[in-house]
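Asks: Handing you a structure now.
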Amino acid sequence: MNYRDIFAIDATLVANDFLENYMPEANGDYVKVYLYMLKNKDAGISISDVAEKLRLTEGDVKRAVKYWKEQGILLDKLEAKEEGRPEPSGEDKKAAKEKTEAKPGSITREQQERLSGDEEFRQLLMIAQKYMSMIFTPREVNVLGYLYDTLKMPADVIDYLIDYCVQGGHNDIRYIEKTGLNWASQGIRDVASAVKQAKAFDKAKEELIKKNEKRSLSNARKKAVNRSDTDYDALVMEQSFLRRIE
């Protein structure tokens, strides 16, 4: 009896771990190489085969393979056997990646482990929680850890940063993060410079508010400006950034 199963398909399974944690940050050609190699993992294809099929140079393919090996995705089976270690699982690869890499504004697992034993940083967290009247989640710890350990912002400057933001009515870690990144980009490394920047920022913000109010009052057809309807903090930060890149 001859028949055809309509549900039988020739398909390649791609791990969700790859799609979620590795593909978004990878070069498009690198992804093409990985997918093609995954499809032909048992065929024993060569670098030249991949290059010809994907219309890439052999150098492009070699760079892609090197990249995926560095990410812990590809590992020569012979190499793994010779070293007496099993091929890493998806969870092992993810853990290794998290330990050595961090997204902008966050810290790696390795940094978290180191900071857990940093007494100065622990004291900073205690003070910050009192300022903000809250118990920190990993999000708050990540932001302050990034400012402190990655950007090397001194603890006393971060202390002042939090106090300044809270006193200004901004008890939100996103606002504190944005302000901290702004200060770091301007090379602020001591409290005196932070105080000077804060005063300049408040002055620029007040001038912008007055300017907008004056503009609205000069036109009877417009409603009076409501300060709460305009994000003057964001406007001043944006103007400051534009002045720096001009």
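Asks: Do we have any residue at all in region 115-127 that's surrounded by 13 or more Cβ atoms within 10 Å (Cβ to Cβ), at pLDDT 90 or above and part of a loop (DSSP other than H, G, I, E, B)?
Replies: Yes; the residues of region 115-127 include at least one that is surrounded by 13 or more Cβ atoms within 10 Å (Cβ to Cβ), at pLDDT 90 or above and part of a loop (DSSP other than H, G, I, E, B).
Asks: While we're here: For region 13-28, name all the residues that are under 15 Å from residue 73 (Cβ atoms) and either at pLDDT 90 or above or of a type outside the set (A, V, I, L, M, F, W, C) (or both).
Replies: 16, 17, 20, 21, 22, 24, 25, 27
Asks: Let me ask something additional. Among the residues of region 132-153, is there at least one that is in contact with an Asp or Glu (Cβ under 7 Å, 6 or more places away or on another chain), among the aliphatic types (A, V, I, L, M), surrounded by fewer than 16 Cβ atoms within 10 Å (Cβ to Cβ) and modelled with pLDDT of 80 or more? Even if it seems obvious, please write down each step before you answer.
Replies: First, pick out the residues of region 132-153 that are in contact with an Asp or Glu (Cβ under 7 Å, 6 or more places away or on another chain): 143.
From the residues that got through so far, the ones that are among the aliphatic types (A, V, I, L, M) too are 143.
Next, only the ones that are surrounded by fewer than 16 Cβ atoms within 10 Å (Cβ to Cβ) stay: none.
No: region 132-153 contains no residue that is in contact with an Asp or Glu (Cβ under 7 Å, 6 or more places away or on another chain), among the aliphatic types (A, V, I, L, M), surrounded by fewer than 16 Cβ atoms within 10 Å (Cβ to Cβ) and modelled with pLDDT of 80 or more.
Asks: Hey, can you tell me all the residues within region 125-150 that are of a type in the set (S, T, N, Q) and without any contact (Cβ under 8 Å) to a residue 24 or more places away in the chain?
Replies: Hits for region 125-150 are 129, 137.
Asks: Moving to a separate point now. What pairs come up if the first residue lies in region 184-197 and is in the same structural domain as residue 153 (by TED's automatic domain parsing) and within 19 Å of residue 150 (Cα to Cα), the second is among the acidic types (Asp, Glu) and exposed (fewer than 14 other Cβ atoms within 10 Å of the Cβ), and their beta carbons are under 9 Å apart, counting only those six or more places apart or on different chains?
Replies: 190/156; 191/156; 194/156
The values are calculated or read from the model by the stated rules, or taken from the named source; none is laboratory data. Everything numeric in this text was worked out from a predicted model, so none of it was measured. Methodologically, a virtual Cβ is constructed for each residue, glycine included, from the backbone with ideal geometry; neighbour enumeration extends over all protein chains shown.
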